[in-house]
Amino acid sequence: MDLRRNPLTAYTGLLLGCFLLALAGGYSALGRQVDGDLYDFLTRLRPPQYEPESAIVAIDEASLLPPARGIQGLRVQLAEILQALTAVKPLAVAVDVTLADNGDPAADARLESALCGTPNLILASEMMPDATGWQDPLPRFRRCAAAVGHVHAEPDPLDGVARRAPLEKIAGRERRWALALEAYRVSRGLGPPLETPADLTLGSFHIPAARTDARSIFIRFLPPGPHGEPSLPRVSAKALLQDPSAAQQLAGKTVFIGVTAQSAARDRLVTPFGSAQPMPGVEIHASIYETLAQGLFLRRAGELDSVLVSLALVALAGLAFHRLTGAAAYVAGAAILAMAHALPYAFYRSGFVFSFTAPVLAAWFSVAGASSYQYFSARRRLRRAEAEKARYQQAVHFVTHEMRTPLTAIQGSSELMSRYNLAEDKRKQIAGLIHSESKRLAKMVETFLNVERLSSGQVRLRAERVPVAELVETCLARVQPLAEQKNIRVIWLANEGLVLSGDRELLEYALYNLLTNAIKYSPAGSEVTVQAARSNGAIRLSVRDQGIGMDAKEMKGLFRKFYRTERAVASGVAGVGIGLSLVREILLHHRGAVEVDSAPGEGSCFTLVFPGPPDESNKDGCNGY
């Protein structure tokens, strides 16, 4: 398909390419990274605001200093913390310490007693490195817990930022719910969650966590304080043990106990609020709990939504630059770009995380592509119009020059007839000259106007059945005197039974033009052959001469208005260069085409191809001679 003849097809293909390129960019690693960075920006721009229901007992650097005996004395310290918390009756206590190994017997016994004396206790479980099972608390500890939850946050693999948390993890054949989810469930006195493919239900509370997404939710972190201090209430384990009254601020809250000391914690993660102060795992679990407790859920928009929005932006850009021009088109393009950039923010405010990269790339690519296409199309049309204008001016000049000859003859002859008393035979001769020159002048004007009417679509076809044999014979009778003047033999290879459907007058003009050209540009004593045949469902009417011929370069512009080849001009044969343009217009109006086969010095073969019913019985044409 010639895309230059089908600009709408080319334009649609360009927009489709922009759409596919935008999708590829959106699904690339860089695109997904940009989406993550935008989410972080929107989180900082519109951070959640709520009163925390949880608090953290932090086993920090000071808590591990002597006399706590460092990490070796952790279980004794943990037992003391649990005993201090019992007095203030927290809603639930989640211990973010994996108690999977045996320690000092005395310390383990003391810890066991403290664990069993703590109501609504949730212990931590960690997946084995090869994901074949779980590192669960020792049975003696586990029997004291109301639930066991996993402690995996799973930061983004591209940049390590903790944006989402899986509420469900499976290792081997065992599943664990997240520590924060179990803490929320136990603190509310609820049973195990009810599951559907799209969400989890705890009592009357729905959590939008799809099974296909590992039951993940976006973590709604509170922003850090002005000096980077933690946003959730935090009490140092050392301060709690030194001053039991500090436990009062933990009363009625869900308490998370975990190691925050940089020298001992290995689960510090970067959050959307920046990498300057990575957040310890226990605070991340508390933030997951707050997300559940506050019900501040963000839902990820579906992939199909992103694709459809990208497609809509491409379509809008395409329509804008197809329907509008100039400043209006560019204002519309700027509005589309602004819309694409604003969409993620609008979705975020509505509680949805929407892809940024694919729609924005779709908007930029389509606006840039559509505007460039409009610009270069306008430039191409302008150049074509200027070239047509130049050729038109040349043709008018040529036609004016050609008209001078018959006008001069008419003027001179009429002057002779008016000024002198001529003999009757001389008067008849001059009258005949005036008549023939008038017809010649009228023919020039008619041909010129016919080209313009056909090009502008002002001519209506009168469809009728036209036998090919009748068409050829009529045209041959008209060109016979011209052929006899040059002693050219015109051969008609008749093929009876072929019938065309179209405007007889226009069809006669098209064939007559080819025949006159063949005779004009053929040497005296040569032959012109006319053949009609059916080939591959089409009727082919060919005219072959033995004239000057053309090369490939000359044939490219053959059907342009007012175009004449250098060989035609050099031959001295008079012409305007609009006949073949008119022939092509006639064939286009009949849903046909004109084919040319030519070589310098070997003559030319012009074939009129008309659509017809399928018939493979004859494949003759120019190549059939």
If I filter region 111-131 down to residues being assigned to a helix (DSSP H, G or I) and of a type outside the set (G, A, S), which single residue comes out as nearest to the chain's Cα centre (by Cα)?
L115
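Let's see how each residue does on (1) in a helix (DSSP H, G or I); (2) modelled with pLDDT of 85 or more; (3) under 20 Å from G579 (Cα atoms):
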residue: Q458; (1), (2), (3): no, no, yes
residue: R465; (1), (2), (3): no, yes, no
residue: L471; (1), (2), (3): yes, yes, yes
residue: C475; (1), (2), (3): yes, yes, yes
residue: L482; (1), (2), (3): yes, no, yes
residue: N495; (1), (2), (3): no, no, no
residue: L506; (1), (2), (3): yes, no, yes
residue: Y512; (1), (2), (3): yes, yes, yes
Residues of region 379-406 classified as surrounded by 12 or more Cβ atoms within 10 Å (Cβ to Cβ) and either among the acidic types (D, E) or modelled with pLDDT under 75 (or both), total
12
Using the structure shown, decide if K561 is under 23 Å from E388 (Cβ atoms), out of contact with any Lys or Arg (no Cβ under 8 Å at 6 or more places or on another chain), of a type outside the set (A, V, I, L, M) and modelled with pLDDT under 80.
no
Picking from D35, D101, the residue that is part of a helix (DSSP H, G or I) and either crowded, with 20+ Cβ neighbours inside 10 Å or acidic (D, E) (or both) would be D35
Has region 158-172 got any residue that is in the same structural domain as P90 (by TED's automatic domain parsing), under 20 Å from F218 (Cβ atoms), of a type in the set (V, I, T) and surrounded by 19 or more Cβ atoms within 10 Å (Cβ to Cβ)?
yes
Given (1) closer than 26 Å to L158 by Cα; (2) among the polar types (S, T, N, Q); (3) not assigned by TED's automatic domain parsing to the domain that holds L74, identify the lone condition not met by S275.
(3)
If we ask which residues in region 132-171 are of a type in the set (V, I, T) and within 32 Å of the chain's Cα centre (by Cα), their number turns out to be 1
Based on what the data block shows, is L454 modelled with pLDDT of 65 or more, part of a helix (DSSP H, G or I) and surrounded by 13 or more Cβ atoms within 10 Å (Cβ to Cβ)?
no
Could you count how many residues in region 336-386 are more than 27 Å from R299 (Cβ to Cβ) and not in a helix (DSSP H, G or I)?
0
Boolean, G274 is at pLDDT 90 or above and of a type outside the set (A, V, I, L, M):
no
What are the residues in region 147-167 that are in contact with a strand residue (DSSP E or B) (Cβ under 6 Å, 6 or more places away or on another chain), of a type outside the set (A, V, I, L, M) and either part of a strand (DSSP E or B) or without any contact (Cβ under 8 Å) to a residue 12 or more places away in the chain (or both), if any?
G149, H150, R164, P166
For region 520-546, enumerate the residues that are outside any strand (DSSP E or B) and over 47 Å from the mean Cα position of the chain (by Cα).
K520, Y521, S522, P523, A524, G525, S526, D545, Q546
When L308 is run through (1) over 28 Å from P223 (Cβ atoms); (2) touching a helix residue (DSSP H, G or I) at 6+ places or on another chain (Cβ under 9 Å); (3) exposed (fewer than 15 other Cβ atoms within 10 Å of the Cβ), the failure sits at (2)
Look at F376 and say whether it is within 24 Å of A334 (Cβ to Cβ), without any contact (Cβ under 8 Å) to a residue 12 or more places away in the chain and either surrounded by 11 or more Cβ atoms within 10 Å (Cβ to Cβ) or out of contact with any strand residue (DSSP E or B) (no Cβ under 6 Å at 6 or more places or on another chain) (or both).
yes
Report every pair of residues separated by at least 6 positions or lying on different chains whose Cβ atoms are under 8 Å apart, first residue within region 590-610 and assigned by TED's automatic domain parsing to the domain that holds G549 and in a loop (DSSP other than H, G, I, E, B), second acidic (D, E) and buried (at least 22 other Cβ atoms within 10 Å of the Cβ).
G603/D545
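To keep it simple, each residue is scored yes or no on (1) without any contact (Cβ under 8 Å) to a residue 40 or more places away in the chain; (2) in contact with a helix residue (DSSP H, G or I) (Cβ under 6 Å, 6 or more places away or on another chain).
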| residue | (1), (2) |
| --- | --- |
| G73 | yes, no |
| A92 | no, yes |
| A109 | yes, no |
| R143 | yes, no |
| A171 | no, no |
Within region 174-184, is there a residue that is closer than 28 Å to K89 by Cβ, part of a strand (DSSP E or B), among the charged types (D, E, K, R) and in contact (Cβ under 8 Å) with a residue 40 or more places away in the chain?
yes
Considering every residue within region 199-206, establish whether at least one is crowded, with 19+ Cβ neighbours inside 10 Å, within 19 Å of P272 (Cβ to Cβ), in contact with a strand residue (DSSP E or B) (Cβ under 9 Å, 6 or more places away or on another chain) and assigned by TED's automatic domain parsing to the domain that holds E290.
no
Set S310, S306: member being in a helix (DSSP H, G or I), assigned by TED's automatic domain parsing to the domain that holds G26, closer than 15 Å to V367 by Cβ and polar (S, T, N, Q)
S310
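The values are calculated or read from the model by the stated rules, or taken from the named source; none is laboratory data. Remember, it's a predicted structure, so these values are computed and weren't measured experimentally. Every residue, glycine as well, gets a Cβ built from its backbone with ideal geometry; the counts of neighbours run over all protein chains shown.
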